[in-house]
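The block underneath contains the structure these notes are about, expressed in structure tokens.
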């Protein structure tokens, strides 16, 4: 099975032209970074307009993931960002790009899950390096994991499963 094509679009887009171009060349998923400067300044209508502009040129079935950069936000900002992304039609809220701060934290993933309920999915991304980290994030409510350590995580999982299989077989 082929992996979905994903494009990242800048949050400064108001007209959604970059998102439209990405969809036009076959992107099936879009990751956009929410303008967390505006969010922190409580300029909520601008944040909503930005996300809605991307959604309008990338309708379903294109998957829209809105990255919050939770390590840069207060709990109040995370709640507001999740509710705005939900209202603007996002399919996922995502913890981070992995390049700005420590990345996913269990308490933030849990908060995001509680805020959006079942209407929006949660992706934990950034700083996830082990099978244990993956399990922690999934138990906190993440449906997807984003990491740059996928190979080492799978090697660790294979070893753990092999050890379990060996013990059960005795």
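Observations on the model:
- Verdict on residue 97 being modelled with pLDDT under 95, closer than 18 Å to residue 142 by Cβ and surrounded by 16 or more Cβ atoms within 10 Å (Cβ to Cβ): yes
- Scan region 138-170 for residues that are modelled with pLDDT under 95 and in a helix (DSSP H, G or I) and the total you get is 20.
- Failed condition for residue 100, given (1) within 16 Å of residue 69 (Cβ to Cβ); (2) within 10 Å of the chain's Cα centre (by Cα): (2)
- If only residues of region 126-137 that are touching a strand residue (DSSP E or B) at 6+ places or on another chain (Cβ under 7 Å) and not in a loop (DSSP other than H, G, I, E, B) are counted, the one that is nearest to residue 65 (Cα to Cα) is 137.
- Tally of residues being crowded, with 19+ Cβ neighbours inside 10 Å and within 15 Å of the chain's Cα centre (by Cα) across region 49-68: 7
- Region 73-118: number of residues that are closer than 17 Å to residue 49 by Cα, in contact with a strand residue (DSSP E or B) (Cβ under 9 Å, 6 or more places away or on another chain) and part of a helix (DSSP H, G or I): 5
- Yes/no for residue 27 being touching a residue at least 12 places away in the same chain (Cβ under 8 Å), farther than 17 Å from residue 87 by Cα and assigned to a helix (DSSP H, G or I): no
The values are calculated or read from the model by the stated rules, or taken from the named source; none is laboratory data. Predicted model, so just to flag it, every value in this text is computed and none were measured. Neighbour counts run over all protein chains shown; Cβ positions are idealised from the backbone, glycine included.
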